[in-house]
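Take a look at the structure set out below.
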Amino acid sequence: MTTTTTPAHPSTPPSGCPVHHAAAPQAPNGCPVSGHAAAFNPFEDAYLQNPPEYLRWAREQEPVFYSPELGYWVVTRYDDIKAIFRNHGSFSPANALEKITPPSAAVQEVLNSYNYAMGRTLVNEEEPAHMARRRLLLEPFTPEALKHHEPMVRKLARDYVDRFIDDGRADLVDQMLWEVPLTIALHFLGVDEEDMPLLRQYSIAHTVNTWGRPSEEEQIKVAHAVGNFWQLAGKILEKMRRDPSGPGWMKFGIRMQAEHPEVVTDSYLHSMMMAGIVAAHETTANATANALRLLLQHPTAWREICENPELIPNAVEECLRFAGSIIAWRRVAITDVTVGGIELPAGTKFMMVMASGNHDESHFPEADLLDIHRDNAGDHLSFGYGAHQCMGKNLARMELQIFLEELSRRLPHMALVPQTFHYLSNTSFRGPEHLLVQWDPAQNPERRDPSLLQREQPVRIGESTRATTGRAMRVTAVREVAEGVKEIRLAPADGRPVPRWTPGAHIDIECGDTGLSRQYSLCGDPAQPQELVIGVLLDPQSRGGSAWVHQHLNAGDTVKVRGPRNHFRFDETAQRVVLVAGGIGITPIATMAHRARQLGIDYELHYCGRSRRTMAYVAELQAEHGERLRLHVADEGTRADIPALLGQPRPDTQVYACGPERLLDALQQACAAWPEDALRVEHFHASGGALDPSKEHAFEIELKDSGLVLQVPADRTVLEALRSANIDVPSDCGEGLCGSCEVHVVSGQIDHRDVVLTRSEREANQKMMVCCSRSRLCGERLVLEL
Ligand code: FES
């Protein structure tokens, strides 16, 4: 999106908008303020009832707009929001906790009477101070350190469900979702359990004080509550200082202060105590209430997690995407910036509506569909992104996973009571004030089977949830399409249409309880919504995958499938394509040929094999492609002459190939003189192999956005090092095949071990697959754009 910025009128109108409305016509984007932008009011109920719907117009027509109501520029698209979060050099978090409704003199007086002096915290402080503290205080938040809280979280969740399980009706917010996260937060912080209702009241006051638009009268009331909260936080801190030994993040902070007093200051600890109590429980309480409401409103998804709790970790990510509890956050520009194509001066304030970005179709296809199998659900922005990403995200994930697991296992027959949902009026925090549910206690499964009380699903934090996105599919037909090649047709077991896919896409088949998962390219027609088709060659070198498929999959069986996903995309704007398949590599290539034909792209299809007996779909391909199909059959003496097949380099031609390494190597060599990236290939296997610590060396990685420096020892991958430092990076295959863990590299020499990047991409040395690739030099530092 591009637009030109209209200079601000010298006299700012009473609305606070920097544009003189009368002098400027309405424009579809930016200032001057459009009708939609002028009407935007995040304090009205329609915003809180459904933030992404309320801002649909903005995502579609005016993704960055000035709001006179707020005096902020509002950013609504995924990429723009992420770009702001990651650029701490130009966007400061200094205004993240600023009162969005400026306090009157009377309100300030009340706050002063309590010596209220909320200072900078991890949330709103700038670099370099922020990262120094973050690094010092991060350790208790790492997945490894959080593990020991799991039994406590589970016990609390069980105890609270015990209290109402025989009642047949509950308000989950009042009876569980506030108190349990608050208790966990206090444990985590190391605070004795204080008066829960009082802390809840204080938390709400803090939210209204910072992100709400209360009347003058309400502001005075809220200011007293906030003042009391501030003083209580101070008292708790004083008590803790007398004995800072033992577990708890705040006690850890006090101990760190003794070692680094210049980094962890007194005022900092006081502010963090208050902010920590709120941050560690209110967001989780709201997120869980949102997730439960959402899942109960989507009975298929709820039934799926009840029947298969393995789906819960990814369902949590999808619920956080669809309806997270932190819906908007703020930044202020500290340099002149360009956001969504609009140039804005230093000092401009921004409100990024993550709830809108999380529904951006350009990043989440069919974004308004709740899909607990969505494989990029974890890309949501609900925890922010970059150097200030929520430190407590993995604690929140653990709680959400356990709450959903306990409730879906013990109350699968729970349903929403018809009700109107109410939300606290504010820009940034969203969760229903009450969540009424009902069920028939006589049907409680534990009455029939008390053993289910002992069941537990492992919590997944600090790892990709993609492995848990599998959906059950039924094998509708199996037939042999060549010697050693079976065609398998699959349809969703729940009767829903298959997910959309494009030529080059693959699915992952989970091979029963072998623990193996194998990727197979899709063949057939993407326009066919009822089934997915794969062709599977029984590989004599099989690592177990193809042998399992051949032996175990028969019509009527059910199998777990992940995807489809596509890392071998076909460029539909190509003028001319040469498509080369070797053996079973025909599956993605045939689909591309079909698409090229549909689109009228000039194409050649070359199909290589040992003998016709072993080559699947020959007759069908001949019928569809006629003269455009060339068969290269070794035992007929028509083996492919690769250089001749490609001919002279042509700038208008792209070459797509899938097949054995020998064929792909020959194509790489033959394409040496072709334009960069003319050749796009899909490999069957990674070439790097498993990590062998005896042959590796240690090195360092530096994360550009945060300055964090991590060691990568010889026995760990970069991905593992990132995860243990609480940095989320998507991943899937873990062996350099799929491209999902790609990270941009700012400097350092990369030892590429993947089979995803093209030759020129490797030579450019600007990106790497962190699941397998490493630093080329021992002790060297790679700087990553993270
Ligand atoms: Fe698949 Fe790294 S996770 S390439």
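The values are calculated or read from the model by the stated rules, or taken from the named source; none is laboratory data. The structure presented is a predicted model; accordingly, all values stated were derived computationally and were not measured. So basically every Cβ, Gly included, is an ideal-geometry build from the backbone, and we count neighbours across all protein chains shown. We work out accessible area using only protein heavy atoms, side chains counted, and drop any ligands, DNA or RNA first. Shrake-Rupley method; radii C 1.70, N 1.55, O 1.52, S 1.80 Å.
Give, rounded to the nearest 20 debye, the magnitude of the charge dipole that segment 634-760 has about its Cα centre when Lys and Arg contribute +1 at Cβ and Asp and Glu contribute -1 at Cβ. If you can, show how the numbers build up before the last one.
Values: 10 positive and 22 negative charges, 39 e Å.
Charge dipole of segment 634-760: 180 debye, to the nearest 20.
Along segment 295-310, what does the Karplus equation 6.51 cos²θ - 1.76 cosθ + 1.60 (θ = phi - 60°) give for ³J(HN,Hα), rounded to whole Hz, x for Gly and Pro?
5, 6, 7, 10, x, 5, 5, 4, 4, 4, 6, 5, 7, 9, x, 4
Between rounded, prolate and oblate, where does segment 147-201 land on the alpha carbon gyration tensor, with a ≥ b ≥ c its root eigenvalues, rounded for a/c under 1.5, else prolate if a/b exceeds b/c? Walk me through the intermediate numbers first.
On the way: a/c = 2.91, a/b = 1.32, b/c = 2.21.
The shape class here is oblate.
If amide H atoms are built 1.01 Å from N in the plane of the peptide, which residues on other chains or at least 5 residues away come under 5 Å of the amide H of Ser517?
Here Cys511 satisfy the definition.
Normalised by the number of residues in the chain, what is the relative contact order in percent for Cα pairs under 8 Å and 6+ residues apart?
Normalised by residue count, the contact order of the chain is 11 percent.
On each of the three principal axes of the Cα atoms of segment 311-384, give max minus min coordinate, whole Å, ordered largest first.
Largest to smallest, the principal-axis extents are 45, 21, 14 Å.
Across bins of 5 angstrom width beginning at 0, how are the C-alpha pair distances of segment 77-183 distributed, in whole percent?
2, 8, 11, 11, 11, 13, 16, 14, 9, 4, 1, 0
For segment 228-343, restrict the atom set to alpha-carbon positions and state the Rg and Dmax in Å.
Gyration radius and largest Cα-Cα distance of segment 228-343: 20.5, 54 Å.
From zero up to wherever the largest Cα-Cα distance of segment 420-498 sits, split into 5 Å bins and tell me the percent of pairs in each.
Pairs per bin, as whole percents: 3, 9, 8, 7, 9, 17, 19, 11, 7, 4, 4, 3, 1, 0.
Listed highest first by mean packing, meaning other Cβ atoms within 10 Å per residue, what order do 196-208, 575-587 come in? Mind showing how you got there, number by number?
Values: 196-208: 18.9, 575-587: 24.2.
Highest to lowest by the protection proxy: 575-587, 196-208.
With a cut-off of 8 Å between alpha carbons and a minimum separation of six or more residues, what is the relative contact order of segment 133-260 in percent?
Relative contact order of segment 133-260: 27 percent.
For every other residue with a beta carbon closer than 13 angstrom to the beta carbon of Ile100, add +1 if it is Lys or Arg and -1 if Asp or Glu, then tell me the sum. Display every interim value, and only then the final one.
On the way: positive: Lys99, Arg213, Arg330, Lys349; negative: Glu69, Glu98.
That works out to +2.
Which order do you get for Thr558, Thr465 if you rank them by accessible area with a 1.4 Å probe, largest at the top?
From most exposed to least exposed: Thr558, Thr465.
Sum up the charges of everything whose Cβ sits under 11 Å from the Cβ of Pro693, counting Lys and Arg as +1 and Asp and Glu as -1, but leave Pro693 out. Before the final figure, lay out the partial values.
Numbers: positive: Lys695, Arg716; negative: Asp692, Glu696, Asp715.
Once positives and negatives cancel, what remains is -1.
Convert each backbone phi in segment 595-612 into a coupling constant with the Karplus relation 6.51 cos²θ - 1.76 cosθ + 1.60 (shift: θ = phi - 60°), then list the ³J(HN,Hα) values in order as whole Hz, x for Gly and Pro.
Those phi angles translate into 5, 4, 5, 4, 8, x, 7, 5, 8, 10, 10, 10, 10, 9, x, 5, 7, 4 Hz.
Using a Debye calculation, one point per C-alpha and no hydration shell, please list log10 I(q)/I(0) for segment 663-786 at q = 0.12, 0.17, 0.23 Å⁻¹ in order.
For segment 663-786 at q = 0.12, 0.17, 0.23 Å⁻¹, log10 I(q)/I(0) is -0.44, -0.85, -1.39.
Skipping prolines and chain starts, which residues have an amide H placed within reach, meaning under 5 Å, of the one on His606, given they are 5 or more residues away or on another chain?
Those qualifying (amide H under 5 Å, at least 5 residues apart or on another chain) are Leu579, Val580, Ala581, Arg630.
Which one of Gln668, Cys608, Val618 is farthest out on the positive end of the charge dipole of segment 606-704, using unit charges on Cβ (Lys, Arg +1; Asp, Glu -1) and the Cα centre as origin?
Val618
For the chain, take the longest principal axis of its alpha carbons; what is the angle in degrees between that and the long axis of helix 150-164, to the nearest 10 within 0 to 90?
Helix 150-164 and the main axis of the chain meet at about 70 degrees.
What is the helix-to-structure angle for 266-279, meaning the angle in degrees between its Cα long axis and the longest Cα principal axis of the chain, kept from 0 to 90 and rounded to the nearest 10?
70 degrees
Given the chain, what percent of its DSSP beta bridges are antiparallel, to the nearest 5?
70 percent
Considering only the other residues whose Cβ falls under 13 Å of the Cβ of Pro649, what net charge follows from Lys and Arg at +1 and Asp and Glu at -1?
Taking every other residue near Pro649 into account, the sum is -1.
Suppose every Lys and Arg Cβ carries +1 and every Asp and Glu Cβ carries -1, with no other charges. What dipole size does segment 346-465 come out with about its Cα centre, to the nearest 20 debye?
For segment 346-465, the charge dipole is close to 360 debye.
Shape of segment 169-279 from its Cα gyration tensor (a ≥ b ≥ c, root eigenvalues): rounded if a/c is under 1.5, otherwise prolate when a/b > b/c, or oblate?
oblate
Given Cα pairs under 8 Å that are at least 6 residues apart, what percent is the relative contact order of segment 315-468?
Answer for segment 315-468 is 24 percent.
Of the peptides 149-159, 413-423, how do they stack up when ordered by the mean number of other Cβ atoms within 10 Å, highest first?
Peptide ranking by packing, descending: 149-159, 413-423.
Mind grabbing the accessible area of Glu98 for me, 1.4 Å probe, Å², rounded to tens?
About 70 Å², rounded to the nearest 10.
Per-residue HN-Hα couplings for segment 774-780, Karplus 6.51 cos²θ - 1.76 cosθ + 1.60 at θ = phi - 60°, whole Hz, x for Gly and Pro?
For segment 774-780, the Karplus curve yields 9, 7, 6, 10, 5, x, 5 Hz.
Treating each Cα of segment 346-479 as an identical point scatterer and ignoring solvent, apply the Debye formula and state log10 I(q)/I(0) at q = 0.12, 0.20 Å⁻¹.
Scattering profile of segment 346-479, log10 relative to I(0): -0.75, -1.48.
Of Val123, Pro103, Met152, which is farthest on the positive side of the dipole of segment 102-162, counting Cα position, with +1 on Lys and Arg Cβ, -1 on Asp and Glu Cβ, and the Cα centre as origin?
Met152
Please grab the % of Cα pairs in segment 472-581 that end up more than 25 Å from each other.
21 percent
Per q in 0.08 1/Å, what log10 I(q)/I(0) does a Debye calculation on the alpha-carbon atoms of the chain return?
Each listed q corresponds, in turn, to -0.76.
Charges on Cβ only, +1 for Lys and Arg, -1 for Asp and Glu, centred on the Cα centroid of segment 683-786; of Cys771, Gln711, Ser760, which one is farthest towards the dipole's positive end?
Ser760
Measure nothing fancy, just the Cα-based angle from helix 216-242's long axis to the longest principal axis of the chain, in degrees from 0 to 90, nearest 10.
80 degrees
Please compute the alpha carbon radius of gyration of segment 633-682, then divide it by the globular-protein estimate 2.2 N^0.38 Å. Two decimals is fine.
Details: Rg = 11.3 Å, N = 50, 2.2 N^0.38 = 9.7 Å.
Here the Cα radius of gyration is 1.16 times the empirical estimate.
How big is the dipole moment of the chain about its Cα centre under a simple scheme where the beta carbon of each Lys and Arg is +1, that of each Asp and Glu is -1, and everything else is neutral? Debye, nearest 20, please.
560 debye
Under a 5 Å amide H to amide H cut-off, with H placed in plane at 1.01 Å, what residues pair with Asp677 once short-range neighbours are removed?
For Asp677, the qualifying residues are Ser760.
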